[in-house]
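Colleague: Have a look at this one before I ask anything.
The values are calculated or read from the model by the stated rules, or taken from the named source; none is laboratory data. The structure presented is a predicted model; accordingly, all values stated were derived computationally and were not measured. Here the Cβ positions follow ideal geometry from the backbone for every residue, glycine too, while neighbour counts run over all protein chains shown.
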Amino acid sequence: MPLNVALNYSPNFYPKKRLKKEIRFIIFHYTGMKSDKAAIRKLTDIQSQVASHYFITHTGKIITLVPDLYTAWHAGISSWKDFKSLNKNSIGIEITNPGHQFGYRKFSKKQINSIINLSKLLIKKYKIDKKNFLGHSDIAPDRKKDPGEKFPWEYLAKKNIGIWHNLKKQKLKKLRKTKCNEITKKNFLNNLLKIGYSKKMRNNIKKREYLSLVVKAFQRRFRPELVNGKIDQECLLISENLIKI
(Lines give C-alpha, C1' and ligand atoms only; values in the text may rest on other atoms or scores of the structure.)
Protein backbone atom coordinates (compact mmCIF):
# COMPACT_ATOMS: atom_id res chain seq x y z
CA MET A 1 0.00 0.00 0.00
CA PRO A 2 1.51 3.38 -0.97
CA LEU A 3 2.33 5.82 1.81
CA ASN A 4 0.29 8.94 2.31
CA VAL A 5 3.02 11.58 2.06
CA ALA A 6 2.44 15.33 2.13
CA LEU A 7 4.64 17.83 0.26
CA ASN A 8 6.32 20.93 1.67
CA TYR A 9 9.41 21.48 -0.44
CA SER A 10 12.61 22.99 0.95
CA PRO A 11 15.12 24.98 -1.13
CA ASN A 12 18.05 23.49 0.79
CA PHE A 13 19.47 20.93 -1.63
CA TYR A 14 21.89 20.68 -4.53
CA PRO A 15 20.12 21.18 -7.90
CA LYS A 16 22.03 18.42 -9.70
CA LYS A 17 20.26 15.06 -9.64
CA ARG A 18 22.13 12.03 -8.38
CA LEU A 19 21.93 8.46 -9.60
CA LYS A 20 19.63 6.02 -7.86
CA LYS A 21 22.58 3.69 -7.14
CA GLU A 22 24.37 6.49 -5.23
CA ILE A 23 21.81 6.29 -2.45
CA ARG A 24 23.39 3.90 0.04
CA PHE A 25 22.44 5.13 3.51
CA ILE A 26 19.44 6.25 5.53
CA ILE A 27 20.29 8.74 8.27
CA PHE A 28 17.87 9.33 11.15
CA HIS A 29 17.78 12.69 12.96
CA TYR A 30 15.68 14.28 15.62
CA THR A 31 14.73 17.90 15.05
CA GLY A 32 15.87 19.18 18.45
CA MET A 33 13.13 21.81 18.34
CA LYS A 34 10.08 22.47 20.48
CA SER A 35 7.40 21.93 17.84
CA ASP A 36 6.60 20.60 14.39
CA LYS A 37 5.92 24.12 13.21
CA ALA A 38 9.30 25.46 14.33
CA ALA A 39 11.12 22.49 12.76
CA ILE A 40 9.36 22.81 9.41
CA ARG A 41 10.02 26.54 9.38
CA LYS A 42 13.75 25.92 9.85
CA LEU A 43 13.94 23.04 7.36
CA THR A 44 12.27 25.09 4.64
CA ASP A 45 14.08 28.38 5.32
CA ILE A 46 16.79 29.09 2.76
CA GLN A 47 18.77 30.99 5.39
CA SER A 48 19.10 27.90 7.61
CA GLN A 49 20.87 25.91 4.87
CA VAL A 50 19.58 22.66 6.33
CA ALA A 51 16.93 20.19 5.17
CA SER A 52 16.16 16.49 5.11
CA HIS A 53 14.33 14.46 2.50
CA TYR A 54 11.54 13.51 4.88
CA PHE A 55 10.05 14.95 8.03
CA ILE A 56 7.92 12.93 10.46
CA THR A 57 5.63 14.92 12.74
CA HIS A 58 4.70 13.98 16.31
CA THR A 59 1.46 12.42 15.00
CA GLY A 60 3.38 10.33 12.46
CA LYS A 61 2.53 12.39 9.39
CA ILE A 62 5.24 12.07 6.72
CA ILE A 63 6.19 15.17 4.76
CA THR A 64 8.53 15.23 1.76
CA LEU A 65 10.88 18.20 1.91
CA VAL A 66 13.38 17.21 -0.79
CA PRO A 67 12.83 14.56 -3.50
CA ASP A 68 15.02 11.47 -3.08
CA LEU A 69 17.21 12.01 -6.14
CA TYR A 70 18.44 15.39 -4.94
CA THR A 71 21.12 15.81 -2.28
CA ALA A 72 19.60 17.41 0.80
CA TRP A 73 21.74 19.23 3.35
CA HIS A 74 21.20 17.12 6.46
CA ALA A 75 24.40 15.26 7.40
CA GLY A 76 26.98 18.05 7.32
CA ILE A 77 30.61 17.18 8.09
CA SER A 78 30.36 13.41 8.45
CA SER A 79 32.04 10.09 7.78
CA TRP A 80 31.30 6.37 7.95
CA LYS A 81 33.72 3.68 6.83
CA ASP A 82 35.24 5.01 3.58
CA PHE A 83 32.45 7.51 2.94
CA LYS A 84 32.95 11.21 3.63
CA SER A 85 30.29 13.93 3.63
CA LEU A 86 27.38 11.49 3.60
CA ASN A 87 24.84 13.93 2.16
CA LYS A 88 25.60 12.75 -1.38
CA ASN A 89 25.04 9.07 -0.56
CA SER A 90 22.12 9.24 1.85
CA ILE A 91 18.49 10.01 2.49
CA GLY A 92 17.85 12.04 5.63
CA ILE A 93 14.79 11.55 7.83
CA GLU A 94 14.04 14.19 10.48
CA ILE A 95 11.71 13.16 13.29
CA THR A 96 10.06 15.64 15.61
CA ASN A 97 11.54 15.47 19.10
CA PRO A 98 12.67 18.35 21.33
CA GLY A 99 16.00 16.58 21.79
CA HIS A 100 18.44 16.78 24.66
CA GLN A 101 18.27 20.58 24.77
CA PHE A 102 14.51 20.95 25.22
CA GLY A 103 13.34 17.88 27.15
CA TYR A 104 14.24 14.74 25.19
CA ARG A 105 11.38 12.24 25.14
CA LYS A 106 10.42 8.87 23.72
CA PHE A 107 9.30 8.75 20.12
CA SER A 108 5.57 8.21 19.72
CA LYS A 109 4.09 4.93 18.46
CA LYS A 110 2.71 6.76 15.43
CA GLN A 111 6.17 8.12 14.65
CA ILE A 112 7.71 4.64 14.96
CA ASN A 113 5.09 3.14 12.66
CA SER A 114 5.82 5.84 10.08
CA ILE A 115 9.57 5.25 10.42
CA ILE A 116 9.02 1.54 9.72
CA ASN A 117 6.70 2.09 6.76
CA LEU A 118 8.90 4.74 5.16
CA SER A 119 12.08 2.72 5.75
CA LYS A 120 10.60 -0.41 4.18
CA LEU A 121 9.61 1.61 1.12
CA LEU A 122 13.13 3.03 0.80
CA ILE A 123 14.74 -0.39 1.31
CA LYS A 124 12.70 -1.78 -1.55
CA LYS A 125 13.26 1.24 -3.79
CA TYR A 126 17.02 1.66 -3.28
CA LYS A 127 18.11 -1.77 -1.97
CA ILE A 128 19.41 -0.29 1.28
CA ASP A 129 21.49 -2.72 3.35
CA LYS A 130 20.27 -2.97 6.95
CA LYS A 131 23.80 -2.08 8.12
CA ASN A 132 23.42 1.26 6.37
CA PHE A 133 20.72 2.65 8.63
CA LEU A 134 22.54 5.15 10.83
CA GLY A 135 21.96 7.92 13.31
CA HIS A 136 23.38 11.41 12.90
CA SER A 137 25.56 10.81 15.96
CA ASP A 138 27.07 7.70 14.30
CA ILE A 139 28.43 9.73 11.40
CA ALA A 140 29.23 12.95 13.33
CA PRO A 141 29.91 11.87 16.95
CA ASP A 142 31.85 15.03 17.77
CA ARG A 143 28.92 17.26 16.81
CA LYS A 144 25.65 15.40 17.23
CA LYS A 145 23.63 13.32 19.73
CA ASP A 146 20.58 12.57 17.61
CA PRO A 147 18.44 10.59 17.26
CA GLY A 148 19.62 9.70 20.78
CA GLU A 149 19.36 6.86 23.26
CA LYS A 150 15.53 6.77 23.20
CA PHE A 151 15.42 5.99 19.50
CA PRO A 152 14.03 2.43 19.10
CA TRP A 153 16.99 0.82 17.33
CA GLU A 154 16.45 -2.60 18.90
CA TYR A 155 12.79 -2.69 17.88
CA LEU A 156 13.58 -1.46 14.35
CA ALA A 157 16.26 -4.13 13.93
CA LYS A 158 13.59 -6.78 14.46
CA LYS A 159 11.97 -5.32 11.33
CA ASN A 160 15.32 -5.51 9.45
CA ILE A 161 15.81 -1.76 9.75
CA GLY A 162 19.29 -1.27 11.15
CA ILE A 163 21.30 -3.83 13.11
CA TRP A 164 21.37 -5.00 16.72
CA HIS A 165 23.37 -7.55 18.65
CA ASN A 166 21.91 -10.95 19.57
CA LEU A 167 23.30 -11.13 23.11
CA LYS A 168 21.21 -11.86 26.20
CA LYS A 169 20.53 -8.78 28.33
CA GLN A 170 21.07 -10.64 31.60
CA LYS A 171 24.60 -11.61 30.55
CA LEU A 172 25.38 -8.11 29.35
CA LYS A 173 24.15 -6.41 32.51
CA LYS A 174 26.61 -8.44 34.59
CA LEU A 175 29.46 -6.96 32.55
CA ARG A 176 28.25 -3.37 32.78
CA LYS A 177 30.83 -1.08 34.41
CA THR A 178 33.36 -3.94 34.51
CA LYS A 179 36.60 -2.26 33.52
CA CYS A 180 38.67 -3.10 30.46
CA ASN A 181 42.45 -3.09 30.45
CA GLU A 182 44.42 -1.12 27.89
CA ILE A 183 44.61 -4.07 25.47
CA THR A 184 40.86 -4.74 25.50
CA LYS A 185 40.15 -1.01 25.20
CA LYS A 186 42.25 -0.97 22.05
CA ASN A 187 40.38 -4.04 20.77
CA PHE A 188 37.09 -2.24 21.35
CA LEU A 189 38.24 0.86 19.45
CA ASN A 190 39.41 -1.33 16.57
CA ASN A 191 35.96 -2.96 16.55
CA LEU A 192 34.38 0.49 16.26
CA LEU A 193 36.40 1.11 13.10
CA LYS A 194 35.25 -2.23 11.69
CA ILE A 195 31.63 -1.34 12.44
CA GLY A 196 32.06 1.96 10.59
CA TYR A 197 32.84 4.68 13.12
CA SER A 198 35.49 7.10 11.94
CA LYS A 199 38.76 7.91 13.69
CA LYS A 200 38.93 11.22 11.83
CA MET A 201 38.39 14.21 14.10
CA ARG A 202 38.22 17.94 13.71
CA ASN A 203 41.42 19.89 14.30
CA ASN A 204 40.03 21.77 17.30
CA ILE A 205 39.23 18.70 19.40
CA LYS A 206 41.62 16.61 21.51
CA LYS A 207 41.98 12.89 20.79
CA ARG A 208 40.87 11.78 24.26
CA GLU A 209 37.75 13.95 24.07
CA TYR A 210 36.93 12.69 20.57
CA LEU A 211 37.27 9.03 21.57
CA SER A 212 34.91 9.60 24.50
CA LEU A 213 32.33 11.12 22.10
CA VAL A 214 32.65 8.16 19.71
CA VAL A 215 32.12 5.74 22.60
CA LYS A 216 29.03 7.72 23.64
CA ALA A 217 27.70 7.54 20.07
CA PHE A 218 28.18 3.75 20.13
CA GLN A 219 26.44 3.54 23.51
CA ARG A 220 23.50 5.69 22.42
CA ARG A 221 23.04 3.29 19.55
CA PHE A 222 23.78 -0.11 21.05
CA ARG A 223 23.82 0.29 24.87
CA PRO A 224 21.32 3.08 25.55
CA GLU A 225 20.79 2.20 29.22
CA LEU A 226 24.11 3.83 30.14
CA VAL A 227 25.78 6.52 28.04
CA ASN A 228 28.92 7.57 29.88
CA GLY A 229 31.70 7.47 27.30
CA LYS A 230 33.59 4.82 29.30
CA ILE A 231 34.65 1.53 27.73
CA ASP A 232 33.57 -1.47 29.77
CA GLN A 233 33.28 -5.23 29.21
CA GLU A 234 29.64 -4.91 28.14
CA CYS A 235 30.56 -2.50 25.34
CA LEU A 236 33.43 -4.76 24.28
CA LEU A 237 31.20 -7.83 24.04
CA ILE A 238 28.53 -5.95 22.06
CA SER A 239 31.16 -4.65 19.62
CA GLU A 240 32.58 -8.15 19.13
CA ASN A 241 29.09 -9.43 18.35
CA LEU A 242 28.28 -6.64 15.90
CA ILE A 243 31.36 -7.13 13.72
CA LYS A 244 30.20 -10.69 13.06
CA ILE A 245 26.86 -9.56 11.60
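Colleague: Just to verify a result, which residue in region 192-217, among those that are without any contact (Cβ under 8 Å) to a residue 40 or more places away in the chain and buried (at least 18 other Cβ atoms within 10 Å of the Cβ), is farthest from Arg176 (Cα to Cα)?
Modeller: Leu211
Colleague: Quick check: anything in region 187-199 in a helix (DSSP H, G or I), farther than 22 Å from Phe133 by Cα and either among the small types (Gly, Ala, Ser) or modelled with pLDDT under 95 (or both)?
Modeller: no
Colleague: Okay, next question. Would you confirm whether any residue within region 51-62 is out of contact with any Asp or Glu (no Cβ under 9 Å at 6 or more places or on another chain) and part of a strand (DSSP E or B)?
Modeller: Looking for residues that are out of contact with any Asp or Glu (no Cβ under 9 Å at 6 or more places or on another chain) and part of a strand (DSSP E or B), one finds at least one in region 51-62, hence yes.
Colleague: Something else about it: Would you say Ile161 is among the β-branched types (Val, Ile, Thr), touching a strand residue (DSSP E or B) at 6+ places or on another chain (Cβ under 7 Å) and either touching a residue at least 24 places away in the same chain (Cβ under 8 Å) or not in a loop (DSSP other than H, G, I, E, B) (or both)?
Modeller: Spelling it out, Ile161 is indeed among the β-branched types (Val, Ile, Thr), touching a strand residue (DSSP E or B) at 6+ places or on another chain (Cβ under 7 Å) and either touching a residue at least 24 places away in the same chain (Cβ under 8 Å) or not in a loop (DSSP other than H, G, I, E, B) (or both).
Colleague: Need the failing condition index for Asp142 against (1) in a loop (DSSP other than H, G, I, E, B); (2) outside the structural domain of Ser78 (by TED's automatic domain parsing); (3) not polar (S, T, N, Q), just the number.
Modeller: Every listed condition holds for Asp142 apart from (2).
Colleague: Let me ask another. Mind checking which residues of region 12-34 are closer than 24 Å to Thr57 by Cα and either part of a strand (DSSP E or B) or free of Cβ contacts under 8 Å to residues at least 24 places away in the same chain (or both)?
Modeller: Result: Phe13, Phe25, Ile26, Ile27, Phe28, His29, Tyr30.
Colleague: Among the residues of region 205-245, which ones are closer than 14 Å to Pro141 by Cα and part of a loop (DSSP other than H, G, I, E, B)?
Modeller: Result: Ile205, Lys206, Val227, Asn228, Gly229.
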